[in-house]
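See structure below.
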Amino acid sequence: MKSTRSAFVLALLAGASLLPSAALAQDTVEAAGGEQPGASDGLGDIVVTARRRQENLQEVPIAVTAFTSESLADKGITDRTSLADNTPSLFTINGGYPREFAFFALRGQGPAFGSTPGVVNYFAEVPNTTNIDGRVGTYYDLANVQVLAGPQGTLFGKNATGGNILFEPAKPGNDVGGYLRGEYGNYNNRRAEGAVNLPVVTDKVLLRVAGSIGRRDGYTTDVGTLFSGKDYDDLGYESFRVGLTLRPADGFEIYTVGRYYHSKNNGGGTVLGAYNLAAGFDGTAFGLGFIPTAAIFPGLATAVSAQQARGPRQVGYDLDQFSQTDYWQIINQATLDLSDTLKLRNIISYSQFRNKYAYDYDATVFPVAGQSSRTINVLAPNTFTEELQLQGSALDGAVQFSVGGYLDRQTTKNPAGIEAYTFFPLGALVPAISGLFDSRNHSEAVFGQATVDLGKLSTGLTGLSLTGGLRYTWENSFSSQIIGSPIAVTGSVDSRYPSYTVTLDYDVTAGVHTYITARNAYKSGGVNGPVPASSEFRTFAPEKLSDIEVGLKSQFAVGTVEVRANLAAYRGIYKNIQRTTAEPVQTPSGTLLLNVTRSAAEGKIQGLEFNGAIVPARGLTLTGSYSYIDSSYTKVASASASAILAGAPFPYTPKHKFSLGATYETPLGRLGDLGLAVNYSRQSQVSTAQTNASFYRFLPAYGVLNASIDLRNAGGSGLDVGVFATNLADVTRPVGVADFYASSAGVVGLTFNEPRMYGIRIGYRFGN
């Protein structure tokens, strides 16, 4: 098997050296429920690339929610939380780290344990596991954002059990043009972005340059004695992109995009939500007995009531917080038409991510829990990816296929780690310790998928299509940790798994399409470093999600009223769910009870999703979405697994989510065009608890109302002027949690949503 894999890797790299690299040109995507406000042509067509080729959304047998740059602005989407608010079944996991490090979960599939995440972000068709895309400051000059729900295990670069989120930048075009846009608002919010498109040689050399910069004061203030007046939840970022398209010959296109992102701020304003009076350190093994945390820091006993009295926007820390990120990436894509029916594509990329931060986990003026790294990076992965595809059609277009291979290499730029780590009694009774981390992940995959239009082969099967796809993945993960001692704890694990997709879809009539699909995907296995290699708990198996989805997509008109209604229902079987349990492990020092990650349970995740839009009158578009998730554990692996999962809620699965929106555009003669947008989104309570040991079981339900008014193309000048407001009702709710209640620290930290934000924005569009 290793020789076969090595031969595949060599062949893939050889192919990359022969072809500069590949991309699929993509039209602008109009959103499901997110069209340009009041478009005179009604709902129009929606073009997506959910199957790595351009298709009408209404004919793609998969649940997709898509947004244009206009609909992102109309709905007030500027970060991960606001994107999740407006997307069925999508949830943002905050807490326990700087807030820009929030993670996505989709249909209950969230972060994995040091391996492939449940939801993978893509930028320009390249998977990005460093969590850059979706941050504040990354939504500028985008062609679209597409959220693909359900297992994505065959066509895309990385396995994803929950789904993919595609961030597609605007590509260079043949027209001279661009835009500038600035905004100013409360909390001294100042942001600017813009892009310029230059056809250096018409249709041969096309250049596009874009950038965004933002500054904003924080909305959480330190009122403690150590850092009085310091503000948290502030913004400070710069981001730039350069895209270049070359067409040296007919049927040959090379597209290269480079980007840089930098941010620096004071970190998140975590709020103390609870404290366990019984928390402390069991020092029996050291002859010390039990040491309560409150015995060392008596002020903890009243810290929660003091925090509640001053509210969630005022805090007091013992740690000088900050967060700094630097990231750059180069992507080279190319397309070579081998014939009228055959196309060779290659996508190659390299990126570097560097991050430093200090974070006060306990959110108090006491050194109970926190970490700091000011001179070395906490996270420092270098990532190389390569994908080679052969796309084509056969039998007069009756068969559409894609075959190819993918590989990636992720390594750590050392040293990377933590300079000072405190977690009671560390930093209180004994000095804080430091840690160094090294991780490497290598994966390779081969894949193939084909869609057969059965109606083109037999008139009796008109409208019926069958899709089948297979993928096989090899993955190796290595980790090394040095925490508080010069001895490194290392381990590696190999994972191998197949993935499949089988889909049957049918055009019932014009504008009505149905489908049923069965598929699966995996999250990688891992290694428990401190566990001896001879133990059954040394490694843990990959998670597996298999689901069946049934969907109905329709677009029609009732008189002059246009309607789009898309519905998907699914049921997923979730196996080898990775959770941490206490297990007896035989070590050279004897049998010890160690916390290990293991395949602890099986479960089910089922639900439905709806996306719709209606145009009841010219210029007016009403949109709506809804999702329902039912999830539970169906089987536990052992008594130790039952001990942590009995009665525990299933994480990352808000039972109900919905959004309602309206956009209206009407001409005002010489004054320009008036645009109005309002959007309300709400989700029910949701848990982030992994086990029943968690104290803070559920984040509360909350809803957010956003609105904007714009005068577009004022006086025919290309000038746009508007006002906007997000969280108009100024709702204040926790949206993330770091739960250390059952630990020696005994604290629960909460991350709250943004307060009401409002301001003015001015933009200018020039050229075509």
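The values are calculated or read from the model by the stated rules, or taken from the named source; none is laboratory data. Keep in mind it's a predicted model, so treat the numbers as computed, not measured. Quick reminder, even Gly has a Cβ in these numbers, built from the backbone with ideal geometry, and neighbours come from all protein chains shown.
Among the conditions (1) among the polar types (S, T, N, Q); (2) free of Cβ contacts under 8 Å to residues at least 40 places away in the same chain; (3) within 17 Å of Arg52 (Cα to Cα), Asn188 misses just one, which is (3). Restricting the stretch 330-363 to residues that are acidic (Asp, Glu) and more than 23 Å from Thr375 (Cα to Cα), the residue that is modelled with the highest pLDDT is Asp337.
Out of Ser485, Ser443, Ser480, which single residue is in contact with an Asp or Glu (Cβ under 7 Å, 6 or more places away or on another chain) and farther than 30 Å from Gln389 by Cβ? It would help to see each step written out before you state the result.
Numbers: Ser485 fails: in contact with an Asp or Glu (Cβ under 7 Å, 6 or more places away or on another chain); Ser443 fails: farther than 30 Å from Gln389 by Cβ.
Just a single option satisfies the conditions, and that option is Ser480.
Would you check if Arg733 is touching a Ser or Thr at 6+ places or on another chain (Cβ under 9 Å), surrounded by fewer than 18 Cβ atoms within 10 Å (Cβ to Cβ) and under 19 Å from Phe103 (Cα atoms)? Quick ask: steps written out before the conclusion?
Numbers: touching a Ser or Thr at 6+ places or on another chain (Cβ under 9 Å): no; surrounded by fewer than 18 Cβ atoms within 10 Å (Cβ to Cβ): yes; under 19 Å from Phe103 (Cα atoms): yes.
No; evaluated as a whole, the condition is false for this residue.
With respect to (1) of a type outside the set (A, V, I, L, M, F, W, C); (2) part of a loop (DSSP other than H, G, I, E, B); (3) more than 27 Å from Ile762 (Cα to Cα), the lone exception for Gly134 is condition (3).
Of the strands (runs of 3 or more DSSP E) that lie entirely inside the stretch 280-386, those containing 1 or more residues that are under 18 Å from Leu750 (Cα atoms) span 322-337, 342-359, 369-372.
Among the candidates Gly448, Gly397, which residue alone is touching a residue at least 40 places away in the same chain (Cβ under 8 Å), of a type outside the set (A, V, I, L, M) and at positive phi?
Gly397
Ala729 meets each of the listed conditions (1) at pLDDT 95 or above; (2) part of a strand (DSSP E or B) apart from (2). Pairing each residue of the stretch 239-250 that is within 12 Å of Leu336 (Cα to Cα) with any residue that is of a type in the set (D, E, K, R) and surrounded by fewer than 16 Cβ atoms within 10 Å (Cβ to Cβ), provided the two are 6+ apart or on different chains, yields C-beta distances under 6 Å for Arg247/Lys204. Quick check on Tyr317: is it closer than 27 Å to Tyr406 by Cα and either of a type in the set (Lys, Arg) or modelled with pLDDT of 95 or more (or both)? So Tyr317 fails the test. Against the condition in a strand (DSSP E or B) and either surrounded by fewer than 20 Cβ atoms within 10 Å (Cβ to Cβ) or in contact with a helix residue (DSSP H, G or I) (Cβ under 7 Å, 6 or more places away or on another chain) (or both), how does Arg440 come out, does it pass? When the stated conditions are applied, Arg440 passes them. Filtering the stretch 529-549 for residues that are surrounded by 22 or more Cβ atoms within 10 Å (Cβ to Cβ) and outside any strand (DSSP E or B) leaves a non-empty set.
Considering Val200, Val176, Val205, the condition of being among the hydrophobic types (A, V, I, L, M, F, W, C), surrounded by fewer than 21 Cβ atoms within 10 Å (Cβ to Cβ) and without any contact (Cβ under 8 Å) to a residue 40 or more places away in the chain is satisfied by Val200 alone. Checking each residue in the stretch 695-724 for being on the phi > 0 side of the Ramachandran plot and in a strand (DSSP E or B) picks out only Asn713. Scan the stretch 39-52 and tell me whether some residue there is surrounded by fewer than 21 Cβ atoms within 10 Å (Cβ to Cβ) and either modelled with pLDDT of 85 or more or touching a His at 6+ places or on another chain (Cβ under 9 Å) (or both). Scanning the stretch 39-52 turns up at least one residue that is surrounded by fewer than 21 Cβ atoms within 10 Å (Cβ to Cβ) and either modelled with pLDDT of 85 or more or touching a His at 6+ places or on another chain (Cβ under 9 Å) (or both).
For the stretch 110-123, does any single residue satisfy the condition of being touching a residue at least 12 places away in the same chain (Cβ under 8 Å), closer than 30 Å to Gln481 by Cβ and in contact with a helix residue (DSSP H, G or I) (Cβ under 7 Å, 6 or more places away or on another chain)? No: the stretch 110-123 contains no residue that is touching a residue at least 12 places away in the same chain (Cβ under 8 Å), closer than 30 Å to Gln481 by Cβ and in contact with a helix residue (DSSP H, G or I) (Cβ under 7 Å, 6 or more places away or on another chain).
The single condition from (1) among the hydroxyl-bearing types (Ser, Thr, Tyr); (2) within 27 Å of Glu70 (Cα to Cα); (3) surrounded by 20 or more Cβ atoms within 10 Å (Cβ to Cβ) that Thr653 fails is (2).
Keeping to the stretch 483-516, report how many residues are out of contact with any Gly (no Cβ under 6 Å at 6 or more places or on another chain) and either touching a residue at least 24 places away in the same chain (Cβ under 8 Å) or within 30 Å of Val378 (Cα to Cα) (or both).
Pass one, the stretch 483-516, residues out of contact with any Gly (no Cβ under 6 Å at 6 or more places or on another chain): 484-488, 490, 492, 494, 496-498, 500, 503-505, 508-514, 516.
Filter again for either touching a residue at least 24 places away in the same chain (Cβ under 8 Å) or within 30 Å of Val378 (Cα to Cα) (or both), leaving 484-488, 490, 492, 494, 496-498, 500, 503-505, 508, 511-514, 516.
Final tally of qualifying residues: 21.
Among the candidates Gly435, Gly448, Gly404, the residue that is buried (at least 22 other Cβ atoms within 10 Å of the Cβ), within 28 Å of the chain's Cα centre (by Cα), small (Gly, Ala, Ser) and assigned to a strand (DSSP E or B) is uniquely Gly404. The number of residues in the stretch 485-504 being buried (at least 16 other Cβ atoms within 10 Å of the Cβ), in contact with a Pro (Cβ under 6 Å, 6 or more places away or on another chain) and at pLDDT below 95 comes to 2. Selection within the stretch 65-79: residues that are surrounded by 24 or more Cβ atoms within 10 Å (Cβ to Cβ) and under 30 Å from Asn346 (Cα atoms). The member of this set that is modelled with the highest pLDDT is Thr65. Within the span defined as the stretch 564-577, every residue fails to be among the basic types (Lys, Arg), closer than 27 Å to His656 by Cα, in contact with a helix residue (DSSP H, G or I) (Cβ under 7 Å, 6 or more places away or on another chain) and at pLDDT 90 or above. Just one of the listed residues (Ile614, Ile629) is closer than 21 Å to Lys544 by Cα and in contact (Cβ under 8 Å) with a residue 40 or more places away in the chain, and it is Ile629. If the condition is being surrounded by fewer than 22 Cβ atoms within 10 Å (Cβ to Cβ) and either under 27 Å from Ala394 (Cβ atoms) or among the charged types (D, E, K, R) (or both), then the stretch 335-354 contributes Leu336, Asp337, Leu338, Ser339, Asp340, Thr341, Leu342, Lys343, Leu344, Arg354. Using the structure shown, decide if Tyr327 is modelled with pLDDT of 95 or more and of a type in the set (Ser, Thr, Tyr). So Tyr327 passes the test.
If you go through the stretch 99-114 and keep only what is on the phi < 0 side of the Ramachandran plot and either surrounded by fewer than 24 Cβ atoms within 10 Å (Cβ to Cβ) or of a type in the set (A, V, I, L, M, F, W, C) (or both), you end up with Phe101, Ala102, Phe103, Phe104, Ala105, Leu106, Gly110, Pro111, Ala112, Phe113.
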